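Note sheet for the following structure.
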Amino acid sequence: MKPQTTMMCCFALLLATECSYSRPPIHTKDGHKYQKPEGKSKVGKTQEKCQGPCSTPNCTRPCTKNFHGEIKFTCHQKKWQKSMETCTSLSVETLFQDLKGLSGVSIAAAAAAASMPLPSFNLRAPEPIDDVVEGIYKNCPLDYACIIDPVKSSEVTSGNIEFIVELLKNISTGLPDNVTRARMKSYSEVASHILDSAAISNWTFVSNKDASSDLLQSVNLFAQKLHLDNKSEDIIDNLFIQTKGFRINHNTAEKHFNFSLNLRNTTEAISGILEIPKRELQKLQNASQVVSIAFPTLGAILRETHLRSVNLPKLANGLVLSVVLPDSLKQIVLTFEKINKSQNGKSQCVGWHSKKKRWDADACVMAWDIRNEVRCHCNTSNAVMAFSILMSPKSITDKVLEYVTCIGLSVSIVSLILCLIIEAVVWSRVVATEISYMRHVCIVNIAVSLLTANVCFIIASSFKSKGPDYNLCVAVTFFSHFFYLSLFFWMLFKALLIIYGILVVFGRMMKSRMMAIGFTIGYGCPLVIAVTTVAITEPGKGYVRAEACWLTWDNTKALLAFVIPALVIVIVNLLVVFIVAINTQRPSIGSSKSQDVATMIRISKNVAILTPLLGLTWGFGVITLIEGIPPICHIIFALLNAFQGFFILLFGTIMDHKIRDALRMSMPSLKGKSRAAENPSLSPTNGSKLMSG
């Protein structure tokens with residue numbers, strides 16, 4: 001017994017010694033954080049960057065010792081800037097090399113424990129491993145855990161990031177379909193290493209700019225192979241990946257996946273909810289399962305790798321939520337908490353298109369955007385399985401448009417009030433004929449319609465289209481729609497009056513009949529259109545848009561109930577202006593250049609007066625619908641229409657010589673009455689006596 005005991009002790013001592021030299025440091029788990037060896041940097045060590053001024057467009061430097069690859073620099077503004085890095089310390093051999101030296105000793109230890117004679121041991125190293133799949137099959141086929149320590153002890157250089165992405169792709173495509181919870185956990189541990197918030201900046205320099213998209217696709221593919229044995233929801237709860245799953249059938253109630261992960265290296269948690277509606281679950285023929293994965297940093301990583309691409313101009317402003325559904329289920333509902341809770345940016349629901357390598361806005365429709373949350377209705381497919389929200393920071397153009405609109409509306413409202421006051425003062429002096437009477441009726445109703453519409457617009461800007469203010473939003477949108485349409489239809493009636501005045505010289509229509517026609521066109525037609533629109537679209541909640549209290553374009557296309565009438569009226573009024581311009585030009589025999597100049601001035605004056613009164617500035621809005629139009633066109637459009645009330649006051653009231661004359665006659669009489677009231681000796685009777693005397 002003594003020789004055997006001595007032999008066992010020797011082998012035990014040999015095993016302990018071998019392990020202490022050959023095994024890498026073991027990470028101890030503290031919560032979700034893995035403690036790295038002290039002094040180990042997350043960022044790979046590289047050589048100094050290129051020195052001196054840029055003499056060539058590009059410069060290359062080798063990586064430091066123990067790293068293979070190179071670092072590339074490009075000349076930008078006469079300075080060297082890193083553009084790509086392929087430094088990697090990982091390889092297929094390094095993943096499994098720590099297991100080679102242990103294999104023979106492990107066999108010896110097992111043999112000693114079984115009292116086997118030593119000469120029968122084979123201490124030769126195993127055959128070289130050609131690929132990752134073969135290595136996992138040989139060393140850890142049950143849980144894939146043998147690759148975790150080598151990966152997590154490596155530095156997160158750009159080259160190592162790219163290697164790990166390829167590693168995960170090979171595992172997803174090369175290993176069996178029966179993925180267990182243990183395998184999913186190991187897979188997530190490896191992916192989490194390169195999803196760490198400290199590694200985001202290094203994703204910029206990977207040579208394969210599709211690496212982040214490939215990572216997402218690989219995780220989704222691996223999750224498709226996951227087999228759930230029970231109804232447990234929580235599968236993986238990692239710092240940078242959270243996975244949940246359910247067994248479902250057609251009788252399952254509506255399912256919710258609630259995620260909450262810390263954002264970057266902060267203690268602040270960001271949440272997201274994925275819902276599968278009951279109507280979708282009823283489509284299931286057989287029992288199945290659904291798996292959802294949440295990523296807190298992947299949105300930033302996707303943008304980092306595509307930073308120079310026009311495909312990702314906006315920031316991801318929430319979790320990236322990925323879902324693996326049965327083929328028969330397509331529609332899901334997602335609720336995202338905003339990372340940046342500023343109200344300055346507009347949110348957009350999107351899905352990541354794995355083939356196009358970009359966010360796809362067509363995959364989702366926004367249901368609401370309220371304060372810190374955005375709710376999206378999305379459609380899944382084989383190419384679109386991950387979703388998020390984007391935030392578009394306000395540009396300088398957006399701020400200019402806001403200022404122009406705010407100032408313009410204020411000036412417009414004041415101008416319209418002045419216009420109505422002036423019309424009230426001079427009314428009895430300027431409505432001598434039927435045509436002049438109806439002309440001023442048109443101006444007054446145009447001013448009232450635009451004034452009311454502007455007030456409704458300001459009120460609407462303070463409401464949200466979803467939530468507790470929804471009914472108020474619908475009401476304000478209805479009145480805005482009605483009064484903006486009234487504005488256009490009164491402009492149309494004014495244009496018809498102009499044509500009537502030009503074409504009909506003899507014989508005039510009665511004032512009462514003209515008033516009836518005017519109010520029928522000016523208020524009757526808009527009322528029919530507005531009521532019909534809200535009656536058709538509102539039962540299905542398709543009247544107002546999600547982000548503002550105005551007619552929606554999505555689904556019901558309710559906005560066409562404003563655009564089509566307005567555009568038709570603008571075209572008709574434009575033809576009227578041409579007719580007026582032609583009629584104004586009266587060529588005469590032997591006309592001089594001065595007469596021609598006077599004619600052109602008269603035509604220009606008429607066009608300038610009629611343009612705001614007939615709403616032709618709104619026709620400029622057609623140009624703004626063209627994709628890629630310069631921002632200045634949007635600013636011009638905002639200027640022309642925000643100040644429309646001022647233009648009506650200027651061209652429709654102040655520049656009318658009859659109104660100016662009436663004002664001159666009214667002002668002295670008003671002053672005279674005021675002075676007479678103060679001093680009876682200055683009454684007209686006493687004045688006439690003094691003049692006669």
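With N denoting the number of residues in region 427-478, provide Rg(C-alpha) divided by 2.2 N^0.38 Å, to two decimal places.
1.76
Assuming 0.36 nm per residue, please report the length gained on full extension of the stretch Val563 to Ser381 beyond their Cα-Cα distance.
62.1 nm
Can you give me the P(r) profile for region 155-227? Cα pairs, bins 5 angstrom wide beginning at 0, each as a whole percent.
Result, from short to long distances: 3, 17, 30, 24, 14, 9, 3, 0 percent.
First measure r as the distance between the Cβ atoms of Asp131 and Asp229, then evaluate 1/(1 + (r/R0)^6) with R0 = 45 Å and state the FRET efficiency to the nearest 0.05.
For R0 = 45 Å, the calculated efficiency reads 0.90.
Compute the convex hull volume of the Cα atoms of region 149-294, divide it by the residue count, and report the result per residue in Å³ as a whole number.
Value for region 149-294: 125 Å³ per residue.
Along the three principal axes, how long is region 408-561 when you take its alpha carbons, biggest first, rounded to the nearest angstrom?
So the three principal-axis extents are 57, 31, 20 Å.
Expressed in nm to one decimal, what extension gain is obtained for the pair Val444 and Glu93 from 0.36 nm per residue of sequence separation less their Cα-Cα distance?
Between Val444 and Glu93, full extension yields an extra 117.8 nm.
If you put +1 on each Lys and Arg Cβ and -1 on each Asp and Glu Cβ, how big is the dipole of region 327-454 around its Cα centre, in Debye rounded to 20?
In debye, rounded to 20, region 327-454 gives about 440.
Pairs Lys225/Lys330; Lys341/Lys557; Lys357/Lys557: which are spaced more than 26 Å apart, C-alpha to C-alpha?
Lys341/Lys557; Lys357/Lys557
Can you list residues from other chains, or at least 5 along the same chain, whose modelled amide H is less than 5 Å from the amide H of Trp550?
Arg545
Which pairs in the list Lys138/Lys185; Lys78/Lys346; Lys283/Lys541 are over 28 Å apart, alpha-carbon to alpha-carbon?
Lys78/Lys346
If each of Met665 and Lys511 carries a label point 7 Å out from its Cα toward its Cβ, how far apart are those two points in nm?
Simple spin-label model gives 1.6 nm for this pair.
Can you give me the solvent accessible area of Asp362 with a 1.4 Å probe, rounded to the nearest 10 Å²?
140 Å²
Using a 7 Å offset from the Cα along the Cα-to-Cβ direction at both Leu284 and Asn340, what is the distance between the two label points in nm, to one decimal?
A separation of 3.9 nm, rounded to one decimal place.
The values are calculated or read from the model by the stated rules, or taken from the named source; none is laboratory data. The model shown is predicted, which means the values in this text are computed figures rather than measured ones. All Cβ positions, glycine included, derive from the backbone under ideal geometry; neighbour counts span all protein chains shown. Only protein heavy atoms, including side chains, enter the accessible area calculation; ligands, DNA and RNA are left aside. Shrake-Rupley method; radii C 1.70, N 1.55, O 1.52, S 1.80 Å.
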